[in-house]
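Worksheet for the structure shown next.
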Amino acid sequence: MRDFIEGWDRAYPVPAPLPDPRFSEDLVKQVGAVLVAHGYPPVSSPWDWGDLETALAVFLYGMKDTE
């Protein structure tokens, strides 16, 4: 979705060099910690962790599958 507004190039989604070593369990946990630091409830359920990982993959790579 580059050039959504003419002249405004978007940085995301980025090309996905799979597997991407930057996309790790540690990254997802750090994002969860940032959410808690901003007043959101802790991410404690395995399903919530999975959904957070999926949401990050969609934002970063424009895809739903991280494998």
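We did not get these values from a lab; they are worked out from the coordinates using the rules stated. On a predicted model such as this, the values are computed, not experimentally measured, just so you know. Here the Cβ positions follow ideal geometry from the backbone for every residue, glycine too, while neighbour counts run over all protein chains shown.
Figures for the structure shown
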item: Derived scalar couplings ³J(HN,Hα) [segment 41-49; Karplus, 6.51 cos²θ - 1.76 cosθ + 1.60; whole Hz; x for Gly, Pro]; result: x, x, 7, 10, 7, x, 5, 5, 4
item: Cα-centred dipole magnitude for segment 16-67, charges only on beta-carbon of K, R (+1) and D, E (-1), debye, nearest 20; result: 160 debye
